[in-house]
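Participant: Just passing along the structure, written as structure tokens.
Values quoted throughout were computed directly from the atomic coordinates according to the rules given, and no laboratory measurement underlies them. The structure presented is a predicted model; accordingly, all values stated were derived computationally and were not measured. A quick note on method: Cβ atoms are made from the backbone with ideal geometry, for glycine too, and the neighbour counts reach across all protein chains shown.
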Amino acid sequence: MASVDTLIVSAPGATCAPELADGPWTFDLGTPGYGPGASMGDVIPTGSPRQGQLPVEYQQATGAQLHDRIRAAKDTLGDRVVILGHFYQRDEVVQHADFLGDSFQLANAAQTVPNAEAIVFCGVHFMAETADILAREGQAVILPNLAAGCSMADMADIDSVRECWEQLEALYGTEPDAEGRVPVIPVTYMNSSAALKGFCGEHGGIVCTSSNAATVLEWAFERGQRVLFFPDQHLGRNTAKAMGVPLEQMPMWNPHKPFGGNDAEALSDARVILWHGFCSVHKRFTVAQVEQARLDFPGVRVIVHPECPTAVVDAADEAGSTEYIRRAIAAATEPTTFAVGTEINMVNRLASEFPQHTIFCLDPVVCPCSTMYRIHPGYLAWVLEALVRGEVLNQISVPDDVAVPARVALERMLAAKPVI
Ligand code: SF4
């Protein structure tokens, strides 16, 4: 399959730029943002880890040279290392992965190799944190490029969530109602920092993924009168709407305004309070793209990710997690045309994997997840060769005071619905 590098073009409506294909190290020296990529406007928050310059030998190596160096290092390390590749990762990296999956599948996959000394996570920062929370004592989790954050996860920081919580407690109090339900249950999407998962663990809350969000919301409604859902407004809104919660009872919380920009009445009636975060990749999908796909391909099956805006989910035939999308396509017995609303690397891989179907991305302008994109083979070769020398680079370590409550929130999720 052609590298996604060759597909990124300048086009009207693009939020990314062809320079992205030049090499992510060009953006590692103080550029104030993640871009270009999913959105040029995505800003790295203050205090986020920054990646130092990749040694020049890795910047200048050809794709074939890096491939050979990664292979050689991996062969030398053998079972001492496990490489995890996210569905949205570029193919040049995924081909070296021992496991391919979504963030939680990968964190669990890492647990199946307890003898590995190092887990190299080719994904983004919050995923490496989750792997570290679940890893056994002594295993090092490595993120090949520290600038591989997630712009959505960064939209909810722990200080803003704590301030929000204080305001909600002031409004609702802390006493349960006659049925024993507390005023608010915090629910965080897997795509969030370890600190937010820890916050949920400490405050009777839980973590969800895009595949179990409905089950988790049911769990939360059994225990609480309402839910504070962060950071992705779209996943929260789409999931709660499908469960019958009216949109009027889902106010949005803007952390820059008192009471999130809401009046007391709206907050009293609320069933789900939605943080104002979003994914820059999935926000690009539009109803017009769905309509165009239906015009161009009568009978097309449109499947989108629930991080897309609600109008897009409503216009599509189906919505579901990355794993749902993969399974839906794998289960189609007749040749089918699929228009898919999720990250381009995943869509291209599905198109290669299932040549009996016509599979294309709903968005004609290719803008990959710019933060995933930071994991270039050069960084993978760099961390693996360091491991061969006995050096651990770019280790992601979650301190115990965060990891312990975060594990509680993750275990509540697993108890609510085991991962399949
Ligand atoms: S696709 Fe969106 S949610 Fe996923 S890592 Fe990229 S920015 Fe974050």
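Participant: Among the residues of segment 361-375, which ones are assigned to a loop (DSSP other than H, G, I, E, B) and within 13 Å of the ligand (Cβ to nearest atom)? Explain how you work it out, then say what you get.
Facilitator: We begin by selecting, within segment 361-375, every residue assigned to a loop (DSSP other than H, G, I, E, B); these are 362-371, 375.
D363, C367, P368, C369, S370, T371, I375 - these are the residues of segment 361-375 that are assigned to a loop (DSSP other than H, G, I, E, B) and within 13 Å of the ligand (Cβ to nearest atom).
Participant: Criterion first (hydrophobic (A, V, I, L, M, F, W, C), farther than 22 Å from H357 by Cβ and under 17 Å from the mean Cα position of the chain (by Cα)) does C279 satisfy it?
Facilitator: Working: hydrophobic (A, V, I, L, M, F, W, C): yes; farther than 22 Å from H357 by Cβ: yes; under 17 Å from the mean Cα position of the chain (by Cα): yes.
When the stated conditions are applied, C279 passes them.
Participant: Given A242, A270, A264, which one is surrounded by fewer than 19 Cβ atoms within 10 Å (Cβ to Cβ) and more than 23 Å from H305 (Cα to Cα)?
Facilitator: The conditions single out A264.
Participant: Is it true that some residue in segment 338-349 is over 25 Å from L235 (Cα atoms) and hydrophobic (A, V, I, L, M, F, W, C)? Please lay out each step first, then the result.
Facilitator: Keep residues of segment 338-349 that are over 25 Å from L235 (Cα atoms), which gives none.
No, the conditions are met nowhere in segment 338-349.
Participant: Return a yes/no flag: does segment 65-81 have any residue that is more than 16 Å from the ligand (Cβ to nearest atom), within 14 Å of G378 (Cβ to Cβ) and exposed (fewer than 14 other Cβ atoms within 10 Å of the Cβ). Before you say what the answer is, go through the steps one by one.
Facilitator: Here is the first cut: in segment 65-81, the ones more than 16 Å from the ligand (Cβ to nearest atom) are 65-81.
Still in the running and within 14 Å of G378 (Cβ to Cβ): 65-70, 73.
Subset that is exposed (fewer than 14 other Cβ atoms within 10 Å of the Cβ): 68.
The answer is yes, given that some residue of segment 65-81 is more than 16 Å from the ligand (Cβ to nearest atom), within 14 Å of G378 (Cβ to Cβ) and exposed (fewer than 14 other Cβ atoms within 10 Å of the Cβ).
Participant: Which members of segment 155-182 meet the condition of being within 16 Å of E202 (Cβ to Cβ) and of a type outside the set (D, E)?
Facilitator: A156, I158, V161, R162, C164, W165, L168, T174, V182
Participant: So which helices (runs of 4 or more DSSP H) are wholly in segment 280-333 and hold at least 3 residues that are surrounded by 24 or more Cβ atoms within 10 Å (Cβ to Cβ) and touching a residue at least 60 places away in the same chain (Cβ under 8 Å)?
Facilitator: Details: elements: 287-296, 310-315, 322-331.
By residue number, no helices (runs of 4 or more DSSP H) qualify.
Participant: Which pairs do you get when a residue that is in contact (Cβ under 8 Å) with a residue 24 or more places away in the chain, found in segment 371-399, comes within reach of a residue that is among the acidic types (D, E) and not in a helix (DSSP H, G or I), reach meaning Cβ atoms under 6 angstrom, with the pair 6+ apart or on two chains?
Facilitator: So the pair list comes out empty.
Participant: Output the residues belonging to segment 184-194 that are without any contact (Cβ under 8 Å) to a residue 60 or more places away in the chain and either surrounded by fewer than 17 Cβ atoms within 10 Å (Cβ to Cβ) or under 15 Å from the mean Cα position of the chain (by Cα) (or both). Please lay out each step first, then the result.
Facilitator: Residues of segment 184-194 without any contact (Cβ under 8 Å) to a residue 60 or more places away in the chain: 185-187, 189.
Y189 - this is the single residue of segment 184-194 that is without any contact (Cβ under 8 Å) to a residue 60 or more places away in the chain and either surrounded by fewer than 17 Cβ atoms within 10 Å (Cβ to Cβ) or under 15 Å from the mean Cα position of the chain (by Cα) (or both).
Participant: Would you please list the contacts, defined by Cβ atoms under 8 Å and residues six or more apart or on different chains, that run from a residue in segment 138-153 that is closer than 12 Å to I375 by Cβ to a residue that is more than 16 Å from the ligand (Cβ to nearest atom) and of a type in the set (K, R)?
Facilitator: L146/R50; A147/R50
Participant: Across segment 370-420, what is the number of residues that are buried (at least 21 other Cβ atoms within 10 Å of the Cβ) and over 21 Å from the mean Cα position of the chain (by Cα)?
Facilitator: 6
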